[in-house]
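Data first, discussion second: the structure below is written as structure tokens.
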Amino acid sequence: MTDRIANIAELSINTIRTLAMDAVQAANSGHPGTPMALAPVTYLLYSELMKYDPEHPEWWNRDRFVLSCGHASTLLYATLHLAGVKRLNAENYPTHEAAVPLDSLKDFRQLHSICAGHPEYRHTTGVETTTGPLGSGVATSVGMAIAQKWLAAHYNKPGFDLFDYRIYALCGDGDMMEGVSSEAASLAAHLKLDHLCWIYDDNHITIEGNTRLAFTEDVGKRFEAYGWNVLRVDDVNDLASLQTAIQSAKTVAGKPTLVIVKSIIGFGSPNKANTHGAHGAPLGAEEIRLTKAVYGWDPDASFVVPTEVLKHFADTLGARGHALRSQWETMFAAYAKQFATEAKELRALMSGTLPSGWENVLPQFGADAKGMASRASSGKVLNAVANAIPWLIGGSADLAPSNSTHLADRGDFEADHYAGRNLHFGIREHAMAAAANGMAISGLRSFCATFFVFCDYLRPQYRLSALQGLPVLYIMTHDSIGVGEDGPTHQPIEQLAAMRAVPNGLVLRPADANEVSEAYRVALSQKRRPSVLVLSRQNLPTLDRTRYASASGVTHGAYILSEAQDGKPQVILIGTGSEVSLCLEAQRLLESQNIATRVVSMPSMELFDEQSQTYRDTVLPPTITARVGVEAASAFGWAKYLGLGGQFVGIDTFGKSAPAGTLMKHFGLTAEHIAEVSRKLFA
């Protein structure tokens with residue numbers, strides 16, 4: 001490395017460091033230590049190694065960088081600023097505006113700032129995924145790597161390597177301690193995702209102090225046992241060794257790579273470690289002055305960006321990225337002429353749209369008193385739409401036969417067959433959902449599945465799906481005490497309320513096979529929020545839609561399924577899922593006693609709440625206060641539909657181990673009990 005290159009590298013790295021410490025100091029909040037220590041990593045990746053065009057950060061074949069240690073957000077923001085990354089507009093087209101203007105760095109952690117406390121996908125161009133919850137970033141990067149392999153297997157052709165991008169994730173000790181990173185690392189090794197590289201900052205510092213307080217394992221040996229390629233760099237400031245390690249990862253086939261680097265938290269130059277600045281505290285004005293003096297910086301100047309640093313990034317990343325993207329676009333233009341169908345699919349996939357007319361394949365089910373479990377009808381609908389949406393891909397946490405999620409004749413996604421559309425995530429619910437997020441970010445329509453009670457294992461990632469506006473489909477079966485003899489550990493009670501509480505989420509609990517079909521119409525139409533299908537193990541009668549209202553009412557969240565005989569209801573029964581058929585039976589009992597009764601099916605509270613006040617008042621007239629809500633779950637969240645005069649029939653204890661029918665009677669989930677409660681309420 002020549003003196004000139006070494007000098008500009010050091011100047012660039014120190015610019016990242018000083019911007020990070022200045023931003024945290026201006027906010028009087030944040031984490032300056034890690035950005036200062038790891039500035040050499042982002043500098044090297046962006047300036048020398050990554051395939052990335054800052055003028056077109058939406059480029060399909062760009063390398064991805066994930067800052068899993070999201071508390072070090074100023075590291076990414078400063079790098080994006082120096083790299084000259086341009087902002088994408090709402091339609092995902094590049095503008096001429098900076099993704100991270102200097103004024104935004106000065107406004108770090110303030111209301112409406114581009115530079116939020118932790119990196120947020122869609123909020124800041126250049127942020128590939130929302131990070132902050134430790135372990136989530138690296139786990140999501142596994143989904144990105146799965147997507148790369150699948151896209152390459154489906155769309156690359158001889159002479160047309162459209163997708164050969166790499167995924168880099170920067171992580172720390174906190175990421176390594178979180179269980180989700182272990183799940184994800186194990187899965188990545190099994191799938192031989194060799195385009196994935198994690199860079200692990202082994203600095204031995206967490207909030208409480210040295211990691212020896214709680215973390216003494218040999219991380220390198222653990223990853224070797226998984227099947228990773230493990231490399232070590234003794235000093236993160238040794239750019240030559242760091243570059244050699246990361247570059248060598250590209251030559252290793254069949255293994256993801258972990259590069260373990262050593263840093264001193266707080267300072268890249270060896271003057272002193274500053275653990276105070278590592279987590280959640282500014283360095284302070286005097287400490288910043290001293291540090292800048294060590295760097296040869298003006299100690300009294302803030303947010304300084306030397307013009308030669310901007311030019312350096314433009315001459316390296318900018319020039320390289322522009323040339324590579326231009327070559328790629330020329331290649332894609334030729335590809336589109338030879339493979340028009342594939343090119344059309346890719347344009348739709350990457351724009352987040354679905355094939356025209358995909359809804360036409362949604363099956364309709366005839367009336368059947370015996371019916372089928374909604375998990376079974378879901379499997380039929382899922383396979384139908386998979387035929388219409390070629391990039392619908394997903395799987396289950398080792399429960400595909402029970403979840404009915406196997407895509408027939410679509411093959412398994414495995415290390416020797418990346419074109420398959422059935423993923424086997426193993427019993428790794430948390431990593432499964434994180435991977436589904438990574439696939440969705442990469443353009444695929446991903447789904448994942450498990451028993452509903454185990455949504456507790458993946459809820460952090462569902463929350464991130466909602467926060468990022470990702471249309472991931474969560475297929476949750478075995479939705480209630482209808483699970484039966486497996487007992488309270490497997491019987492969801494509070495899970496419906498918990499999932500409904502997540503902002504920007506959509507929960508659907510369909511009552512029969514046709515509601516399932518309509519629920520898929522709703523879920524797959526979503527572009528900026530995830531959906532949860534909550535499905536039964538036990539059979540549900542398929543309702544006669546010539547007698548009852550059309551299942552298309554699902555799109556409104558709740559609808560009048562069966563009106564009172566005289567059209568003037570005195571009591572309203574509101575049910576979801578398997579309890580809707582009980583409400584219909586209770587309606588017959590009540591009508592035989594001259595109590596005019598309306599039955600409302602409410603598959604989605606969220607959708608109903610989004611309807612006009614006029615529509616909601618039509619379904620639930622304010623003048624009718626005798627309302628009974630029926631759901632085999634907690635009452636939490638039902639009060640706004642039932643009001644002070646209503647009553648809930650459900651379960652506010654844990655379940656029990658017994659046959660499903662016995663449990664329904666035990667907990668009062670019978671037509672007779674619902675009718676009795678309604679009579680008393682009406683009286």
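The values are calculated or read from the model by the stated rules, or taken from the named source; none is laboratory data. Just so it is clear, the structure is predicted and the values come from calculations on it, not from any experiment. Cβ: placed from backbone, ideal geometry, glycine included. Neighbour counts: every protein chain shown. Remember, those area values only see protein heavy atoms, side chains included, never the ligands or the DNA or RNA. Shrake-Rupley method; radii C 1.70, N 1.55, O 1.52, S 1.80 Å.
Quick look at the values:
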{"quantity": "Q565 among the polar types (S, T, N, Q), modelled with pLDDT under 95 and farther than 20 Å from A376 by Cα", "calculated": "yes"}
{"quantity": "Qualifying position, being open to solvent by 70 Å² or more (accessible area, probe 1.4 Å) and either among the aromatic types (F, W, Y) or in contact (Cβ under 8 Å) with a residue 12 or more places away in the chain (or both), among E329, E308, E345, E359", "calculated": "E308"}
{"quantity": "Count of residues meeting criterion [assigned to a loop (DSSP other than H, G, I, E, B) and either under 14 Å from T124 (Cβ atoms) or charged (D, E, K, R) (or both)] in segment 66-85", "calculated": "1"}
{"quantity": "Residue match in segment 526-533 (condition: polar (S, T, N, Q), assigned to a loop (DSSP other than H, G, I, E, B) and either in contact with a helix residue (DSSP H, G or I) (Cβ under 7 Å, 6 or more places away or on another chain) or open to solvent by 10 Å² or more (accessible area, probe 1.4 Å) (or both))", "calculated": "yes"}
{"quantity": "Test: residue in segment 261-270 that is modelled with pLDDT of 95 or more, open to solvent by less than 70 Å² (accessible area, probe 1.4 Å) and within 32 Å of the chain's Cα centre (by Cα)", "calculated": "yes"}
{"quantity": "So P158, is it within 19 Å of the chain's Cα centre (by Cα) and at pLDDT 95 or above", "calculated": "no"}
{"quantity": "Selection count, segment 445-461, where residues are touching a helix residue (DSSP H, G or I) at 6+ places or on another chain (Cβ under 6 Å) and surrounded by fewer than 24 Cβ atoms within 10 Å (Cβ to Cβ)", "calculated": "4"}
{"quantity": "Filter result for Q570 (open to solvent by 40 Å² or more (accessible area, probe 1.4 Å) and out of contact with any His (no Cβ under 6 Å at 6 or more places or on another chain))", "calculated": "yes"}
{"quantity": "Count of segment 380-422 residues which are open to solvent by 10 Å² or more (accessible area, probe 1.4 Å) and out of contact with any Lys or Arg (no Cβ under 7 Å at 6 or more places or on another chain)", "calculated": "19"}
{"quantity": "Every residue from segment 462-482 that is in contact with a Gly (Cβ under 8 Å, 6 or more places away or on another chain) and closer than 22 Å to D652 by Cβ", "calculated": "D479, S480, I481"}
{"quantity": "Filter result for A376 (modelled with pLDDT of 95 or more and touching a strand residue (DSSP E or B) at 6+ places or on another chain (Cβ under 7 Å))", "calculated": "no"}
{"quantity": "Any hit, segment 476-485, residues being surrounded by fewer than 24 Cβ atoms within 10 Å (Cβ to Cβ) and more than 27 Å from H556 (Cβ to Cβ)", "calculated": "yes"}
{"quantity": "Qualifying positions in segment 124-164 - at negative phi, touching a helix residue (DSSP H, G or I) at 6+ places or on another chain (Cβ under 9 Å), part of a loop (DSSP other than H, G, I, E, B) and not polar (S, T, N, Q)", "calculated": "V127, E128, P133, L134, D161, L162, F163, D164"}
{"quantity": "Residue that is farthest from D652 (Cα to Cα) [pool: residues in segment 492-512 that are touching a Lys or Arg at 6+ places or on another chain (Cβ under 8 Å) and either open to solvent by 40 Å² or more (accessible area, probe 1.4 Å) or not β-branched (V, I, T) (or both)]", "calculated": "N504"}
{"quantity": "Residue match in segment 616-624 (condition: of a type in the set (S, T, N, Q) and open to solvent by 40 Å² or more (accessible area, probe 1.4 Å))", "calculated": "yes"}
{"quantity": "Exclusive hit being over 30 Å from Q491 (Cβ atoms) and in contact (Cβ under 8 Å) with a residue 24 or more places away in the chain, set Y615, Y559", "calculated": "Y615"}
{"quantity": "Filtered residue count, segment 352-371, keeping only those that are outside any helix (DSSP H, G or I) and within 20 Å of M439 (Cβ to Cβ)", "calculated": "4"}
{"quantity": "Residue match in segment 579-594 (condition: open to solvent by less than 10 Å² (accessible area, probe 1.4 Å), out of contact with any Lys or Arg (no Cβ under 7 Å at 6 or more places or on another chain) and assigned to a strand (DSSP E or B))", "calculated": "no"}
{"quantity": "Segment 283-305, subset aliphatic (A, V, I, L, M) and open to solvent by 30 Å² or more (accessible area, probe 1.4 Å), residue farthest from I8 (Cα to Cα)", "calculated": "A285"}
{"quantity": "Of all residues making up segment 176-192, the number that are in a loop (DSSP other than H, G, I, E, B) and open to solvent by less than 50 Å² (accessible area, probe 1.4 Å)", "calculated": "1"}
{"quantity": "Residues within segment 208-233 that are modelled with pLDDT under 95 and of a type in the set (D, E, K, R), tallied", "calculated": "4"}
{"quantity": "Residue count, segment 128-155 (criterion: open to solvent by less than 10 Å² (accessible area, probe 1.4 Å) and either among the hydrophobic types (A, V, I, L, M, F, W, C) or without any contact (Cβ under 8 Å) to a residue 40 or more places away in the chain (or both))", "calculated": "9"}
{"quantity": "Cβ-Cβ under 6 Å pairs, at least 6 apart or on other chains, segment 461-479 side closer than 10 Å to S531 by Cβ and modelled with pLDDT of 95 or more, far side hydrophobic (A, V, I, L, M, F, W, C) and part of a helix (DSSP H, G or I)", "calculated": "V472/A436; V472/A440; L473/A523"}
{"quantity": "Among residues of segment 311-324, those that are open to solvent by 70 Å² or more (accessible area, probe 1.4 Å) and in contact (Cβ under 8 Å) with a residue 24 or more places away in the chain, counted", "calculated": "1"}
{"quantity": "Selection status of F215, surrounded by 19 or more Cβ atoms within 10 Å (Cβ to Cβ) and in a loop (DSSP other than H, G, I, E, B)", "calculated": "no"}
{"quantity": "Odd one out for L111, checked against (1) over 23 Å from the mean Cα position of the chain (by Cα); (2) open to solvent by less than 10 Å² (accessible area, probe 1.4 Å)", "calculated": "(2)"}
